[in-house]
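*Asks:* Handing you a structure now.
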Amino acid sequence: MSDLATRSVGLVSRTLEGLRSFRSLKISQVRLQASIRQAELEGLRFAFYARLTAIIVVSVWLIWLVPWPRDLYYGAYALGFFLLGYIPYRLRHHRYGEAIKLGFIVLDVALVTAAILVPPPASLGGEWPIQTRLRGQEFLYVLLLLGEAALTYSPRRVLWTGVSILGIWSIGVFTIYSQPDTLRFNDAAAEGALTSAAVLDLSFKPAFVSLTAWYTQLVATSLFTLLLTLTVWRGRRTLLNQVEAEVVRADLARYVSPDVAEALSSRGATAFGEPATRTVAILFADIVGFTKLTETLSPERTFALLRSFQERSSAIVFKHGGTLDKYLGDGFMATFGSIGPQPDAPARALACAFELQEEIERWSRKRSGRGADPLHVSVGVHCGPVTVGNLGGRERVEFTVVGDVVNVASRLEEVTREIGGSIIASEDCVRAAGDQEWLTRFQSSRQVQLRGRQQGLLVHIATWQMRPADEPPHRKQGLTNLE
């Protein structure tokens with residue numbers, strides 16, 4: 001590994017226009033649209049099950065309210081309403097799924113309107129005049145369709161449902177209003193002046209139809225549709241912002257650690273990366289003898305080897321709450337506690353180091369079983385106060401860890417080759433971990449003289465030997481949470 005005496009090691013936190021605007025990151029439009037589409041499909045699914053619940057509730061209510069066998073008449077409507085919801089739900093992935101849904105919304109409104117305004121056959125007890133169908137409060141059932149449309153995150157469906165209700169319900173009302181036997185206020189008024197008593201008597205006649213109730217329904221439905229459309233529109237904007245932020249976070253996490261991506265999105269570009277002094281644990285890891293290991297490999301196989309190592313390493317670093325600062329050829333640097341205060345950062349770094357060795361051992365045994373050369377990794381761990389923050393220009397900024405601790409950790413990784421250790425951790429780091437049981441994980445301790453430093457440093461050394469395939473990794477009790 002190269003000389004790091006004067007180098008501060010950072011990671012890329014943005015790739016476009018610095019950190020001035022997090023939303024200025026280039027987003028994959030395909031992934032964004034796919035995520036939005038998935039959210040819409042989830043809304044359709046939820047709306048369908050809400051419809052199914054409403055059908056069950058209303059059906060039970062009608063069975064209790066309507067005498068036999070008239071309830072069979074309304075049961076047929078309930079079945080039809082279920083089918084009108086099930087068919088577009090099954091076709092939600094169809095190329096013309098949206099047009100199909102809009103068409104079935106019209107059928108929904110027509111079916112519910114018919115169930116309210118069309119009386120059952122006389123054989124089922126439907127002897128009342130058809131005009132009485134406008135006297136009850138059953139119109140409220142039509143408004144439930146607006147609620148279902150709102151669950152789909154689509155303002156267009158809400159607006160289309162409202163327009164369909166206004167049109168189809170008006171057709172139904174005027175069909176009844178135009179019946180020859182319908183009593184109308186205008187007809188009665190044309191015959192002469194009506195007294196209050198005459199108006200009251202007229203309104204109680206079964207065949208009387210007043211347009212006042214229809215006017216009220218039109219105004220209320222229009223306002224309800226408008227308000228619900230605006231509400232869904234605002235909710236959809238919130239949904240789109242959340243989906244976009246999640247896609248941005250996922251895209252950003254491909255280049256930086258998940259905790260950095262989360263910090264960028266939650267704190268914002270202006271708040272993230274302000275210089276601060278923190279106690280941070282630094283871990284360096286490197287594949288031992290990588291040059292010799294890959295001198296007979298093709299570039300493609302070398303690339304595959306590095307990718308496999310990086311995937312395994314990053315998973316372990318993230319598992320222990322670390323930040324993968326950057327890959328350094330056949331090695332990497334990780335920090336613990338750099339994004340925010342992390343009191344147990346030293347313990348997390350040590351747990352990460354030991355689990356990394358265990359994972360590399362498992363991987364090495366697997367490779368040996370295929371006839372490939374075994375792998376060995378050297379790890380250096382140190383902790384102490386560093387300065388963290390953003391450095392760079394307007395076009396490129398790095399979240400940087402600056403301090404002597406970085407250099408010492410790098411030197412500890414290098415010195416593993418000289419003294420034959422697999423993990424070398426400083427006394428400061430082991431002591432800061434707080435649990436004396438950590439000392440039992442190391443086989444020896446000694447003073448080492450690091451290159452470029454005048455004073456020696458007390459370190460603890462763990463030597464990793466490959467175990468037989470049937471021997472489980474050594475794990476101490478009490479370390480489960482960290483490992």
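The numbers here are math on the coordinates, done by the rules we state, and not lab data. Everything numeric in this text was worked out from a predicted model, so none of it was measured. Glycine also receives a Cβ, built like all others from the backbone with ideal geometry; neighbour counts cover every protein chain displayed.
*Asks:* Go through segment 296-311 residue by residue and turn each phi into a ³J(HN,Hα) via Karplus (6.51, -1.76, 1.60, θ = phi - 60°); whole Hz please, and just put x for glycine and proline.
*Replies:* Karplus values, whole Hz, x for Gly and Pro: 9, 8, 6, x, 5, 5, 5, 4, 5, 5, 4, 5, 5, 5, 5, 5.
*Asks:* Please list 3J(HN,Hα) in residue order for segment 344-349, calculated via the Karplus relation 6.51 cos²θ - 1.76 cosθ + 1.60 where θ = phi - 60°; whole Hz, with x for glycine and proline.
*Replies:* Working through the residues one at a time gives 9, 4, x, 5, 5, 5 Hz.
*Asks:* Need the full-extension length gain, ASP435 to GLU127, defined as separation in residues times 0.36 nm minus the C-alpha distance. One decimal, nm.
*Replies:* Gain in length upon complete extension: 102.2 nm.
*Asks:* Then there is this: Arrange the peptides 344-357, 313-326 so that the one whose residues have, on average, the most other Cβ atoms within 10 Å appears first.
*Replies:* 344-357, 313-326
*Asks:* Cα centroid distance between segment 156-187 and segment 389-446, in Å?
*Replies:* 78 Å
*Asks:* Further question: Would you mind calculating the gained length between PHE46 and PHE224 on full extension (0.36 nm times residue separation, minus the Cα-Cα distance), in nm to one decimal?
*Replies:* 61.9 nm
*Asks:* With the crude spin-label approximation of a point 7 Å out along Cα→Cβ, what separation in nm comes out for VAL57 versus ALA213?
*Replies:* According to this spin-label approximation, the distance is 2.4 nm.
*Asks:* Based on the Cβ-Cβ distance of ALA304 and TYR86, what FRET efficiency does E = 1/(1 + (r/R0)^6) give at R0 = 60 Å, to the nearest 0.05?
*Replies:* Efficiency computed from Cβ-Cβ geometry: 0.80.
*Asks:* Next question, about the same structure. Place a label point 7 angstrom from the Cα of LEU144 along the Cα-to-Cβ direction, then list the residues of segment 160-176 whose backbone nitrogen is under 18 Å away.
*Replies:* Residues 161-162, 165-166, 169 qualify, since their backbone N sits under 18 Å from the label point.
*Asks:* Here's something else I'd like to know. Testing the spin-label approximation: label points 7 Å from Cα along Cα→Cβ at GLN38 and GLU418. State their distance in nm.
*Replies:* In this crude label model, GLN38 to GLU418 measures out at 5.0 nm.
*Asks:* Now a separate question. Work out how much length VAL199 to ARG135 would gain on full extension: take 0.36 nm times their residue separation and subtract the Cα-Cα distance, in nm to one decimal.
*Replies:* 21.4 nm
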